[in-house]
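Here is the structure we will look at.
The values are calculated or read from the model by the stated rules, or taken from the named source; none is laboratory data. Since we're looking at a predicted model, the values are computed, not measured. Using ideal geometry, Cβ is built from the backbone for each residue, glycine included, and neighbour counts are taken over all protein chains shown. Ligands, DNA and RNA are excluded from the accessible area calculation, which covers all protein heavy atoms including side chains. Shrake-Rupley method; radii C 1.70, N 1.55, O 1.52, S 1.80 Å.
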Amino acid sequence: RERAVRMAVDLRLDPATKRVQRGGTEIELTSRELAVLDYLMRNVGDVVSKRQVLENVWDVDFEGDPNIVEVYVRHLRNKVDRPFGRASIETLRGSGYRLSRG
């Protein structure tokens, strides 16, 4: 399992300690929010589909509503973007999501 600290501008995720910070401010995330953010950060700059998020964060056999991804992306935006005046998690209609590099 990868242990490197992930960075996207001033957003920092340490998978070993499960700590997230933006500009030095600690952000509390649930384990599922952390997993979604970790997946986005491992693919920073790339568009990932809802299906890819489900397969990598939930599992390939997930039987629930795929819109659960939208719910978690909204939670993340409310915790890691909006309080800091950022919009780093982008939605690309019909394609998926992208965590911007800058």
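Considering only residues that are in contact with a helix residue (DSSP H, G or I) (Cβ under 7 Å, 6 or more places away or on another chain), among the hydroxyl-bearing types (Ser, Thr, Tyr) and assigned to a loop (DSSP other than H, G, I, E, B), which ones fall in the range 87-101? Across the range 87-101, the qualifying residue is only SER88.
Listed by first and then second residue, the pairs with beta-carbon distance under 8 Å, at least 6 apart or on different chains, first residue in the range 29-56 and at positive phi, second of a type in the set (A, V, I, L, M) and not in a helix (DSSP H, G or I), are GLY45/LEU99. Inside the range 5-14, residues that are out of contact with any strand residue (DSSP E or B) (no Cβ under 7 Å at 6 or more places or on another chain) and under 12 Å from ASP38 (Cα atoms) make up a count of 2. Restricted to the range 29-70, and to residues there that are more than 20 Å from PRO15 (Cβ to Cβ) and open to solvent by 70 Å² or more (accessible area, probe 1.4 Å), the residue that is nearest to the chain's Cα centre (by Cα) is GLU70. When the range 14-40 is filtered for residues that are of a type in the set (A, V, I, L, M) and at pLDDT 95 or above, the ones remaining, listed by number, are VAL20, ILE27, LEU29, LEU34, ALA35, VAL36, LEU37, LEU40.
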